[in-house]
Amino acid sequence: MFRPVGYLIRTKAGPQGERGQFYDYVLAGNGVWIEAEGPFFAARVPVAAAEIRGLAPLEPVLVLRHGPIPQYLFDLALGTMMADTSRERYVAVTWNDDYHLHVPEQDADAASTHYVAVDNTVLDLHSHGTMAARFSTTDDRDELGLKVFGVLGRLADRPELRLRVGVYGYYHPVAWGEVFAGTLDGVNDLLGREPDEDDDSDCRGP
């Protein structure tokens, strides 16, 4: 029987329940989680925190099937976005026997960019120009797939970055080193830091 969504209970003896074709909700000792596996990575992110006595706890997971993305692709993406900080820009890291940087044709202005997405995308990365790096409510509406998502901001000053793994509308922040190989130079990784309250722009969408 085709079962798109699975429901599991994480007992101390192991998971109980039936897995789904696309993703699974897991009830664990520290709340509800969602797990999914795709062609490019497997991930587990929290849905809701709660204490469920008698069950085993879980932790967030991100496993890139083809290893981390090389640093030079991030550097190329950053250079593309810093070439024009007056407009939002979008780039994708894709997989086709290796990681590649994909820069689609796009119609962009200071607060939005529109483009045609490609299917083999591992990482969606967009910029906010001179504004803060934060995920907007528009991003939350748009970024509903199984991907890693990133936003770059403050490009005219000291660039800053936020990354998160998305599992069908649920998100968890990740560090640069969980996604990329190499060294992050000249960019602030904002993992764990609260976003600026004065920047809720971004009308980006495919």
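The values are calculated or read from the model by the stated rules, or taken from the named source; none is laboratory data. For clarity, every value in this text was computed on a predicted model and none was experimentally measured. Counting neighbours? That spans all protein chains shown, and the Cβs are built from the backbone with ideal geometry, glycine included.
Things worth noting here:
- Any hit, the range 152-171, residues being modelled with pLDDT under 90 and in contact with a Ser or Thr (Cβ under 9 Å, 6 or more places away or on another chain): yes
- Enumeration of residues in the range 26-40 that are surrounded by fewer than 16 Cβ atoms within 10 Å (Cβ to Cβ) and over 16 Å from LEU144 (Cα atoms): PRO39
- Check on LEU78, outside any strand (DSSP E or B), of a type outside the set (Phe, Trp, Tyr), touching a residue at least 60 places away in the same chain (Cβ under 8 Å) and within 22 Å of GLU160 (Cβ to Cβ): yes
- Search result, residues across the range 135-152 that are closer than 23 Å to ALA83 by Cα and either surrounded by fewer than 16 Cβ atoms within 10 Å (Cβ to Cβ) or touching a Leu at 6+ places or on another chain (Cβ under 8 Å) (or both): PHE149, GLY150, VAL151, LEU152
- Every test in (1) more than 22 Å from PHE149 (Cβ to Cβ); (2) in contact (Cβ under 8 Å) with a residue 24 or more places away in the chain; (3) of a type in the set (A, V, I, L, M, F, W, C) is passed by ALA50 save one, and that test is (2).
- Only a single item in (1) buried (at least 17 other Cβ atoms within 10 Å of the Cβ); (2) among the basic types (Lys, Arg); (3) farther than 25 Å from GLY153 by Cα is not met by ARG89, and it is number (3).
- The range 128-166, subset part of a loop (DSSP other than H, G, I, E, B) and small (Gly, Ala, Ser), residue nearest to PRO46 (Cα to Cα): GLY145
- Residue count for the range 156-165, restricted to those that are within 18 Å of THR94 (Cα to Cα) and in contact (Cβ under 8 Å) with a residue 60 or more places away in the chain: 1.
- Candidate set from the range 3-21 (those that are assigned to a loop (DSSP other than H, G, I, E, B) and more than 28 Å from the chain's Cα centre (by Cα)); member that is nearest to LEU55 (Cα to Cα): LYS12
- Test: ILE34 is in contact with a strand residue (DSSP E or B) (Cβ under 9 Å, 6 or more places away or on another chain), in a strand (DSSP E or B) and not assigned by TED's automatic domain parsing to the domain that holds ARG158: yes
- Test: residue in the range 52-72 that is small (Gly, Ala, Ser) and not in a loop (DSSP other than H, G, I, E, B): no
- Test: residue in the range 167-177 that is in contact with a helix residue (DSSP H, G or I) (Cβ under 6 Å, 6 or more places away or on another chain), in a loop (DSSP other than H, G, I, E, B) and not assigned by TED's automatic domain parsing to the domain that holds ASP24: no
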